[in-house]
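Student: The structure is given below, and queries will be raised subsequently.
The values are calculated or read from the model by the stated rules, or taken from the named source; none is laboratory data. Only a predicted model underlies this, so the values are computations on that prediction, with no experimental measurement involved. Positions of Cβ are generated from backbone atoms using ideal geometry, with glycine treated the same way; all protein chains shown enter the neighbour counts. These accessible areas exclude ligands, DNA and RNA; they are computed on the full protein's heavy atoms, side chains included. Shrake-Rupley method; radii C 1.70, N 1.55, O 1.52, S 1.80 Å.
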Amino acid sequence: MAKLVKGGVTLRDQINKRFPKRKKDSDGWIGDAAHQDRESDHNPDANGWVHAIDIDKDLGAKGDAKKLADQIVDYAASKKKGGKRVKYVVFQDQIASATYPETKWQWRGSGYGHYDHIHVSFTAAAEEDGSDWPLPIFTVATE
């Protein structure tokens, strides 16, 4: 049975709490038929873990998806506890990851799509680490 990694569940819950009026049209975590035909973190691994979520870019009147994406990337780049739960982030046709040392956790490239949503892929560390995401965007008043 497929299950979203605990870190992904917590991140999604925090986003939903912070932006209760946000759109969810592009939200998702489990791969559709198109994802199942290729390697994707939206597909369950051998243990049933799904290592990705999509977050609709429309966070509501007071939401800023780019700010949220930037803060997830900054957290992943930090030495803070739980930061290693992030594998990569894709948004507005760019990707940020730790793959290449010269661009570690910097937005780079083009051809990545993801204009309607933020894609967050998680490492195996997120399977059991469901601790809160200490992002500044979560500490401001809600809509």
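Student: So between Q92 and S40, what do we pick up on full extension, going 0.36 nm a residue minus the alpha carbon distance?
Tutor: 16.8 nm
Student: Could you check the spin-label model distance between N47 and D13? Points 7 Å from the Cα along Cα→Cβ, value in nm.
Tutor: Using points 7 Å along Cα→Cβ, the separation is 2.0 nm.
Student: On to the next question. What percentage of the solvent-accessible surface of the chain, computed with a 1.4 Å probe over protein heavy atoms, is contributed by carbon and sulfur atoms?
Tutor: Carbon-and-sulfur percentage of accessible area, whole number: 50.
Student: How large is Rg over Rh for region 21-72, taking Rg from the Cα atoms and Rh as the Kirkwood inverse mean of 1/r across Cα pairs?
Tutor: Rg divided by Rh gives 1.08.
Student: Oh, and also: Subtracting the Cα-Cα distance from 0.36 nm times the residue separation, let me have the gained length for D116 to M1 in nm, one decimal.
Tutor: My answer for the length gained is 38.6 nm.
Student: As an exercise, find the ratio Rg/Rh for the chain from alpha-carbon atoms, using the Kirkwood inverse-distance average for Rh.
Tutor: 0.94
Student: Could you state the accessible area per residue of region 21-143 in Å², with a 1.4 Å probe and every protein chain left in place?
Tutor: Each residue of region 21-143 exposes 55 Å² on average to a 1.4 Å probe.
Student: For every helix of n ≥ 4 consecutive DSSP H residues, a contribution of -39,500 (n - 2.57) applies; sum these over the chain, divide by its total residues, and give [θ] at 222 nm rounded to the nearest 500 deg cm²/dmol.
Tutor: The helix contribution divided over the chain gives -6000 deg cm²/dmol.
Student: Just want the answer: with Cβ charges of +1 for Lys and Arg and -1 for Asp and Glu, which residue in V89, H117, P134 is farthest toward the dipole's positive end in the chain?
Tutor: The listed residue farthest towards the positive side: P134.
Student: So if I take the centroid of the Cα atoms in region 23-69 and the same for region 72-143, what is the distance between those two points in Å?
Tutor: Region 23-69 and region 72-143 have Cα centres spaced 12 Å from each other.
Student: Where in region 60-84 does the amide nitrogen come within less than 18 Å of the point 7 Å from the Cα of E102, taken along Cα to Cβ?
Tutor: none
Student: At a Förster distance of 25 Å, what's the computed FRET efficiency of A77 paired with D27, Cβ-Cβ distance as r, to 0.05?
Tutor: 0.50
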